[in-house]
Structure formats: C-alpha cells, structure tokens
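In what follows, a structure is listed as structure tokens, so that the remarks can point back to it.
Nothing in this text is a laboratory measurement; each read-out follows from the coordinates by a stated rule. Keep in mind that what you see is a predicted model, and the values were worked out from it rather than measured. Note that each Cβ is placed from the backbone with ideal geometry, even for glycine, and that neighbours are counted across all protein chains shown.
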Amino acid sequence: MRIPRRLLWTLAAVLALAGTAAFLVDRPAAGAGLLAGAAGLAIFAIRMSGPRPHTAWSPELEDTSAAVVYWKDGCPHCHTLLRALAGDERITWVNIHLDEDADTRVRELNRGNRFTPTAVVGRRVLPDSAP
C-alpha cells in the first residue's frame with residue numbers, strides 16, 4: 001500500500017500537537033508516547049523521501065540502458081538502492097506506481113509478482129535486488 005508523504009507529515013504533526021497538549025494538562029506519560037509516535041512517523045517520512053527519479057517505460061528501454069531498475073514508492077529496499085546509486089547515470093529508474101506499462105513489465109519479469117527493486121542488466125534480471 002502506498003502512503004502519501006504528505007499524510008505521514010500531517011499525522012506526525014497531529015501527534016506532536018496532541019503530545020504537547022497532554023503535557024500541558026499534566027499527562028506526561030501520554031504526552032511522551034504521542035511525541036515518540038510523532039518522531040517515529042517523521043523519521044519514516046524522511047526515509048521515504050529523497051531522490052524519486054522516473055523514466056517512462058518503453059520496450060526498447062532495456063536495450064538502450066546499461067541497467068534499468070524498476071522501483072516503487074514505499075519500498076524500503078528500493079529507497080536504499082536509490083540512495084546508494086542515485087548518482088550513477090548509467091542506471092535508468094522506472095517507478096512502477098507511475099507507469100502501468102512498467103508495472104506490467106515487472107510482473108512479466110517476476111512470474112506475475114511485483115518484486116521491487118527489480119534490476120535488468122543486459123539480458124539478466126535481478127529480482128528484489130537490494131544492496
């Protein structure tokens with residue numbers, strides 16, 4: 001399931017406000033729990049942000065690129081790979097949440113599954129290719 005980053009930040013802000021209010025009405029345990037939840041959501045939102053490259057999929061893309069990596073939002077392994085290889089211009093990044101044809105291609109490559117990240121290097125397919 002894809003969770004919009006804006007929603008994560010909104011929930012973190014609401015939890016932070018509720019935690020502050022709990023401290024003000026002399027409920028420190030509740031306030032601490034709410035603030036810890038806000039911090040956890042904020043950390044998760046930060047981890048899910050970062051580079052978000054996308055190239056539209058086409059049948060010849062895998063022939064013309066040194067490597068194609070199919071990824072999706074909300075996938076921790078995808079975001080780890082993105083952070084590790086974001087500067088490598090030999091890699092073409094395709095977000096399957098933004099491209100139905102790419103989603104179909106990932107399913108073809110992975111026997112009907114949406115394994116991500118899936119890397120295609122030449123004729124070699126590397127499903128769930130986390131670093």
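Here are the numbers for this structure:
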quantity	calculated
Note, ³J(HN,Hα) from phi for segment 22-29, Karplus 6.51, -1.76, 1.60, rounded to Hz, x at Gly and Pro	5, 5, 5, 9, 6, 10, x, 5
Sum of side-chain charges, Tyr70 neighbourhood, beta-carbon under 13 Å (Lys, Arg +1; Asp, Glu -1)	-4
The chain: angle of helix 100-109 to the longest principal axis, Cα-based, in degrees nearest 10	70
Cα convex hull volume per residue for segment 26-103 (Å³)	95
Fraction of antiparallel bridges per DSSP, the chain only, in percent to nearest 5	55
Per-selection metrics, segment 61-131 (Cα): Rg and Dmax in Å	10.9, 30
Computed [θ] at 222 nm, helices only, for the chain once each DSSP H run of length n ≥ 4 contributes -39500 (n - 2.57)	-15500 deg cm²/dmol
Debye log10 I(q)/I(0) at q = 0.11, 0.17, 0.18, 0.20 Å⁻¹ for the chain, Cα point scatterers	-0.49, -0.83, -0.89, -1.04
Lys, Arg +1 and Asp, Glu -1 on Cβ, resulting dipole of the chain about Cα centre, debye, nearest 20	380
Residue among Leu81, Thr104, Ala67 farthest towards the positive dipole end of segment 50-116, charges placed on Cβ	Leu81
Loop-located GluC sites (Glu not before Pro) in segment 69-131, at most 13 other Cβ atoms within 10 Å (DSSP)	Glu89
Alpha carbon centroid spacing (whole Å) that separates segment 108-123 from segment 52-104	11
Environment charge at Pro127 (Cβ cut-off 15 Å; Lys +1, Arg +1, Asp -1, Glu -1)	+3
